[in-house]
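The values are calculated or read from the model by the stated rules, or taken from the named source; none is laboratory data. Worth saying up front: this structure is predicted, and the values here are computed from it rather than measured. Because the Cβ atoms are built from the backbone with ideal geometry, glycine has one as well, and the counts that use them run over all protein chains shown. Just so you know, the surface numbers come from the protein's heavy atoms only, side chains and all, with ligands and any DNA or RNA stripped out. Shrake-Rupley method; radii C 1.70, N 1.55, O 1.52, S 1.80 Å.
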Amino acid sequence: MEEKLNIKFNKSLGQNFIFDTNLLKAIVNDAGVDSNTNVLEIGTGAGTLTKEIALKANKVVSYEIDQNLKPTIQQNLCELHNVNVVFKDVMKEETSVIESNFEGQYVMVANLPYYITTPIIFKFLETAKNLKTMVIMVQKEVAERLCAKENTADYGAITAVINAVANTKITRIVKRNMFIPAPNVDSAVVRIDFDKNKYDIKSFENLSKLIKCAFHMRRKTLINNLKNLNLSKDKIENAFKVLNLNSNVRGEALSPEQFVKLSNLLFD
Ligand code: SAM
């Protein structure tokens, strides 16, 4: 199959493509794309997902790092007039420049390259202004982390940060044999709906700093990890008292909402 497609897959760029039209349509459906929706795709690949998005959306802007895919992409997308493929590394493009492609809100629909899934998520989480929803294919383990509840092994810094500003859910599990070439792991599609007013966050930057610090040494108590923030002992003790937190509590026991409250008190 790989030979028949006449594509030279570059493994180091996370090139595992999807050609199954039913699955592609299902992903577009998970994102609720309609003729009013503007979509950002990351990783055009052969343009298979791009095409299914474009058939439903108002406009698609798709970033692809690999110039070698240009002829394949041109061939597969030439009949569509609402697609703009940008041949650039999305991590090197300012988010404001990416967002200037759209007037107002947009959604991300992407089968993400696995080697940079987390940096891409954090980039948009921390800098995007008009991103409404992300519907992203990621490794199944990453999907489970994004949607985990506190006090579970999967719950980590990325879970708490994302769920402080968004609601997350897995919409489908995708077996490895649906990709060409097949990766070594199964995948899942995660839908992330941003709701910046979910909790009353005084500073997202401080919240993010606190959460990353709380999970720095997972087996350490929260108080021990917080020492890296150079806050006064009084401030920490007072915040723990107000929130009724035990001094032995670990970061993994705090819900996203509790992290928001703690951050608001610590950086007051
Ligand atoms: N959307 C296609 C599909 O579903 O078949 C391709 C998905 S493939 C998992 C990920 C794509 O992201 C690859 O085409 C890869 O070249 C591209 N990519 C990898 N790193 C990138 C980056 N930093 N910026 C933009 N695209 C990137």
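Figures for the structure shown
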item	result
Counted residues, the range 222-246 - those being part of a loop (DSSP other than H, G, I, E, B) and at pLDDT 95 or above	4
Near pairs, Cβ below 8 angstrom, 6+ apart or cross-chain, from the range 6-20 (over 18 Å from VAL174 (Cβ atoms)) to any residue that is of a type in the set (Ser, Thr, Tyr) and open to solvent by 60 Å² or more (accessible area, probe 1.4 Å)	SER12/TYR115; LEU13/TYR115
Extreme residue, surrounded by the fewest Cβ atoms within 10 Å (Cβ to Cβ), among residues of the range 185-197 that are in contact (Cβ under 8 Å) with a residue 40 or more places away in the chain and of a type in the set (D, E, K, R)	ASP193
Test: residue in the range 162-174 that is within 12 Å of the ligand (Cβ to nearest atom) and in contact (Cβ under 8 Å) with a residue 12 or more places away in the chain	yes
Check on ASN68, over 18 Å from the mean Cα position of the chain (by Cα), at negative phi, open to solvent by 20 Å² or more (accessible area, probe 1.4 Å) and away from the ligand (no atom under 12 Å from the Cβ)	no
Residues being farther than 25 Å from LYS129 by Cα and open to solvent by 40 Å² or more (accessible area, probe 1.4 Å) - total across the range 148-184	14
Any chance GLU237 is open to solvent by 60 Å² or more (accessible area, probe 1.4 Å) and either within 19 Å of the chain's Cα centre (by Cα) or within 16 Å of the ligand (Cβ to nearest atom) (or both)	no
Considering residues of the range 51-65 that are in a strand (DSSP E or B) and near the ligand (Cβ under 10 Å from one of its atoms) only, the residue farthest from ASP34 (Cα to Cα)	TYR63
Within the range 11-50, considering residues that are small (Gly, Ala, Ser) and part of a loop (DSSP other than H, G, I, E, B), the one farthest from the ligand (Cβ to nearest atom)	SER35
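Residue by residue, here is whether (1) within 26 Å of LEU254 (Cα to Cα); (2) assigned by TED's automatic domain parsing to the domain that holds LYS123; (3) within 16 Å of the chain's Cα centre (by Cα) holds:
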position: THR152; (1), (2), (3): yes, yes, no
position: ILE158; (1), (2), (3): yes, yes, yes
position: ILE162; (1), (2), (3): yes, yes, yes
position: VAL165; (1), (2), (3): yes, yes, yes
position: MET178; (1), (2), (3): no, yes, no
position: VAL189; (1), (2), (3): yes, yes, yes
